[in-house]
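Below: the structure, in structure tokens.
The values are calculated or read from the model by the stated rules, or taken from the named source; none is laboratory data. Just so we're clear, the structure is a prediction, and the values are computed from it rather than from any experiment. Cβ: placed from backbone, ideal geometry, glycine included. Neighbour counts: every protein chain shown. Remember, those area values only see protein heavy atoms, side chains included, never the ligands or the DNA or RNA. Shrake-Rupley method; radii C 1.70, N 1.55, O 1.52, S 1.80 Å.
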Amino acid sequence: MINEKIHKDRLNPHYKLNLNTNAKLRITPLGGLNEIGGNMMVVETENEAIIVDVGMSFPDGDMHGVDILIPDFTYLREIKDKIVAVIITHGHEDHIGAVLHIVKQFPKIKILATAFSAGLIRKKLEFNHSPYPITEYRHYDQLGFKYFTIDPIHVNHSIPETVGLLLKDHKEEFGLFFTSDFKI
């Protein structure tokens with residue numbers, strides 16, 4: 001019971017967010033706010049949604065018996081028919097650590113990552129006897145979907161092949177630059 005409350009408080013699940021909006025673009029963080037870890041964000045229009053990162057977090061010292069924390073996937077189940085892909089920005093555990101959990105709950109979800117991050121994810125999945133296809137992209141590729149276009153842009157970080165993401169809709173009604181993690 002205590003662990004559940006701490007988990008809800010730390011990973012900022014969607015129940016705390018106002019989802020009653022008519023905005024053309026909705027950004028819903030499901031983890032990674034006000035903390036290091038558990039990074040996951042949903043970017044969606046009325047027709048399509050992408051997930052940026054699926055990370056894990058580590059428990060506090062008072063969370064006995066808990067090894068890792070993963071974001072709450074409840075909202076993803078509500079919009080599962082709109083989700084077209086998971087885009088991984090880089091291979092740190094706070095951005096890929098919950099991939100095993102998302103592919104088990106959403107076995108047809110498409111995962112895209114750079115070659116380095118894809119290699120880390122594949123090893124993690126193989127270790128857990130859960131091989132899963134990962135689509136690789138390069139930082140200069142343009143990722144096209146029915147309603148979104150995503151340009152991965154190289155950013156400096158402490159792990160190779162980290163990207164920020166420039167998301168645009170095809171109608172040119174919005175654009176969003178997600179920086180991911182970066183170091184100067």
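Miscellaneous remarks
- Only one of 55, 61, 65 that is among the small types (Gly, Ala, Ser), on the phi < 0 side of the Ramachandran plot and open to solvent by 50 Å² or more (accessible area, probe 1.4 Å): 61
- Every condition in (1) touching a Pro at 6+ places or on another chain (Cβ under 9 Å); (2) part of a loop (DSSP other than H, G, I, E, B); (3) of a type in the set (D, E, K, R) is met by residue 108 except one, and the failing one is (1).
- Of the residues making up region 129-138, one or more are modelled with pLDDT of 95 or more and either buried (at least 19 other Cβ atoms within 10 Å of the Cβ) or in contact with a Cys (Cβ under 6 Å, 6 or more places away or on another chain) (or both).
- Selection of first residues in region 172-183 that are closer than 19 Å to residue 53 by Cα and of second residues that are open to solvent by 50 Å² or more (accessible area, probe 1.4 Å) and small (Gly, Ala, Ser), restricted to Cβ pairs under 7 Å at least 6 apart or on distinct chains, gives the following pairs, ordered by first then second residue: 183/158.
- For region 140-171, the set of residues classified as touching a residue at least 24 places away in the same chain (Cβ under 8 Å), over 25 Å from residue 82 (Cα atoms) and not aliphatic (A, V, I, L, M) consists of 156, 157, 158, 160, 161, 162, listed by residue number.
- Of all residues in region 79-94 being assigned to a loop (DSSP other than H, G, I, E, B) and of a type outside the set (D, E, K, R), the one that is most open to solvent (accessible area, probe 1.4 Å): 92
- Scanning region 68-78 for residues that are crowded, with 24+ Cβ neighbours inside 10 Å and part of a loop (DSSP other than H, G, I, E, B) gives a single hit, 71.
- Residue satisfying all of: in region 9-36; of a type in the set (Lys, Arg) and modelled with pLDDT of 75 or more; surrounded by the fewest Cβ atoms within 10 Å (Cβ to Cβ) among these: 24
- Residue check, residue 153 part of a helix (DSSP H, G or I), surrounded by 13 or more Cβ atoms within 10 Å (Cβ to Cβ) and β-branched (Val, Ile, Thr): no
- Taking the conditions (1) surrounded by 14 or more Cβ atoms within 10 Å (Cβ to Cβ); (2) among the hydrophobic types (A, V, I, L, M, F, W, C); (3) touching a strand residue (DSSP E or B) at 6+ places or on another chain (Cβ under 9 Å) in turn, residue 125 satisfies each one other than (3).
- Condition check for residue 101: part of a helix (DSSP H, G or I) and surrounded by 22 or more Cβ atoms within 10 Å (Cβ to Cβ): no
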